[in-house]
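**Q** My structure is below; once you've seen it, I'll send some questions.
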Amino acid sequence: MSGIFDLLFGWMTTVDPRALVLAFSAIGAGFAMIAGIGPGIGQGYAAGKAAEAVGKNPNHGGKAATLVMLLGAAVAETSGIFSLVIAIILLFANPLVSKTGVGLVLACSAMGAGLAMIAGIGPGIGQGYAAGKAAEAVGKRPKLQSVIVRTMLLGQAVAQTTGIYALVVALLLLFVNLFK
């Protein structure tokens, strides 16, 4: 097995460093977009719960549940947006391409930035879950909408922290010069 790794790393050291960074950047951008799974699941859950709330209380809680779902789903999308930003930077504005240094290290930094963004799956699902439960609660008790929304937003803010950590790590991998 070590022979395969020796061959692979030996090949990577002989390839043009710029080409290696571009190739690993494309792979990293693909990895970054995996984080879109979280917001997709979370937003789907929130929409489903809002639809249930509208079905159970169409005359009084329907509009309120829909508004809560839209607000909560928008917040749940942030980790997907963070991942999209990193993917676009990797593809079109990659600062690693113009840096000098060991090509393999720069290439792994590009791929690591994309891998870091996979952490956005958790916040997307968690925030969508909070939005769904809030829409469900508002459907049952529309008069408590402001308290429920406030609680939902606070919970979503806490859940977002790991997505922000991932964004910070990805940006550090892209913009910190490892060779100073």
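Here, each number is a calculation from the coordinates, and none is a lab measurement. Everything numeric here is computed off the predicted structure, so don't read it as measured data. Backbone-built Cβ (ideal geometry, glycine too); neighbour counts: all protein chains shown.
**Q** Sort out which residues of the range 87-108 are crowded, with 24+ Cβ neighbours inside 10 Å and within 22 Å of the chain's Cα centre (by Cα), and write them in order of number. Don't jump to the end; show me each part of the working.
**A** Of the residues in the range 87-108, the ones crowded, with 24+ Cβ neighbours inside 10 Å are 87, 90, 96, 106-107.
Result: A87, L90, L96, A107.
**Q** Among what's in the range 122-176 and is polar (S, T, N, Q) and buried (at least 17 other Cβ atoms within 10 Å of the Cβ), pick the residue that is nearest to C108 (Cα to Cα). Outline the logic, then answer.
**A** Narrowing the range 122-176 to residues polar (S, T, N, Q): 127, 145-146, 151, 156, 160-162.
Now restrict to residues that are buried (at least 17 other Cβ atoms within 10 Å of the Cβ): 127, 145, 156, 160.
Values: Q127: 31, Q145: 47, Q156: 32, Q160: 26 Å.
Looking at the filtered set, the residue picked out is Q160.
**Q** Considering the range 48-79 alone, what residues qualify as being farther than 12 Å from V138 by Cα, in a helix (DSSP H, G or I) and touching a residue at least 40 places away in the same chain (Cβ under 8 Å)?
**A** Passing the criteria: G48, L71, G72, A73, V75, A76, T78, S79.
**Q** Another question, then. Return the residues of the range 29-68 that are among the hydroxyl-bearing types (S, T, Y) and touching a Gly at 6+ places or on another chain (Cβ under 8 Å); say none if nothing qualifies.
**A** Y45
**Q** Which of the residues belonging to the range 142-171 are of a type outside the set (A, V, I, L, M), without any contact (Cβ under 8 Å) to a residue 40 or more places away in the chain and either outside any helix (DSSP H, G or I) or farther than 26 Å from M33 by Cα (or both)?
**A** K143, S146, R150, T151
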